[in-house]
Amino acid sequence: MAGIPTPQEIFGASNGASGTASAPATNTAMQAIDRFNTQAAAAAQTAGQNLIATYLEHLGILQFIGLIVFLAIVAGIVYFVIETGWWTLRVERFHEIVLQSNISKRSARTSWDAIESHFYRGTENDLKVAILEADKLLNDALREAGIMGIQLGDRLKKANERQIPNLNELWQAHKLRNQIAHEPNFKLKRDLAERALKIYETGLKNLGVFDDGRPV
C-alpha cells in the first residue's frame, strides 16, 4: 500500500491549496477598502473646499443681510424707547427719588440760606465755606438720588446731561471746590465765588431740589 496516500496527506494537501487560493482574495478586498477610504477622503475635502468657496462668494451678501438685521434691531429699540416712554419714565423716576429723599425742600432751604449768609459776609474764608457747603449739598442730592460714588466727582461721572443739563458747569465748580480744599493759599475772588454758587443753584434746581432756581 505504499502507493496510496494517507488521510493526513490528503487533508494536508487540501488545506495548503485553500490557503494559497484565499491570499489573493484578501489582498483584493483590502485594496478595495483602501480605494474607498481614499475616495471618501477626497470627496469630503472637495465638499469642504466647495463650501468655503460658496461662503466666500456670498460673503458680501451675508454681511449686507447682517447689517440690515442689526439696523432693524436698533430701530426696534429706538421705537420701543420712544413709544413706551421708557426713557422719560427713568428721568421722572430720578426726579421723584430726589424729591422724596431725605433732602427735603425745607432742609434744602435752610442749607442754602446758610450758604448765602456766608457769601454775603464777603470775607474770603466765608466765600470758601459757601462753596464747600454748596458742593456738599449737591453731593447729598446726587447720593439720595441713587447715583453711586464715594465722592461728588464719582457721582458726576455717572450722571448725564439729560438728568443735569449744566453738568459740565458743575464739573468746573467742583474743580474750584477742590482748589479751595487742597490749596491753602488759593485766593478766591467774590465774583468767581458768585458764579460758582449760581452754577450749584442751577444744578440743584435741575434735580428738583429747588423751584425756579430758589429753595421753596
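Quick rundown of the values:
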read-out: Selection count, region 175-185, where residues are among the charged types (D, E, K, R) and surrounded by 15 or more Cβ atoms within 10 Å (Cβ to Cβ); value: 1
read-out: Some residue of region 162-182 being of a type in the set (Lys, Arg) and under 23 Å from the mean Cα position of the chain (by Cα); value: yes
read-out: Residues of region 137-153 classified as without any contact (Cβ under 8 Å) to a residue 40 or more places away in the chain and exposed (fewer than 15 other Cβ atoms within 10 Å of the Cβ), total; value: 4
read-out: Given (1) modelled with pLDDT of 70 or more; (2) more than 25 Å from Arg177 (Cβ to Cβ), number of the condition Arg121 does not satisfy; value: (2)
read-out: Members of region 156-174 found to be surrounded by 20 or more Cβ atoms within 10 Å (Cβ to Cβ) and at pLDDT 90 or above, listed by number; value: Leu156, Leu170, Ala173, His174
read-out: Helices (runs of 4 or more DSSP H) (entirely within region 142-216) containing at least 2 residues that are of a type in the set (Asp, Glu); value: 190-206
read-out: Region 158-183: number of residues that are closer than 17 Å to Asp140 by Cβ and of a type in the set (Lys, Arg); value: 2
read-out: Any hit, region 96-108, residues being over 26 Å from the mean Cα position of the chain (by Cα), among the β-branched types (Val, Ile, Thr), at pLDDT below 80 and not in a helix (DSSP H, G or I); value: yes
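The values are calculated or read from the model by the stated rules, or taken from the named source; none is laboratory data. Values in this document were obtained by computation on a predicted structure and should not be read as measured data. All Cβ positions, even for glycine, are placed from backbone atoms using ideal geometry, and neighbour counts span all protein chains on display.
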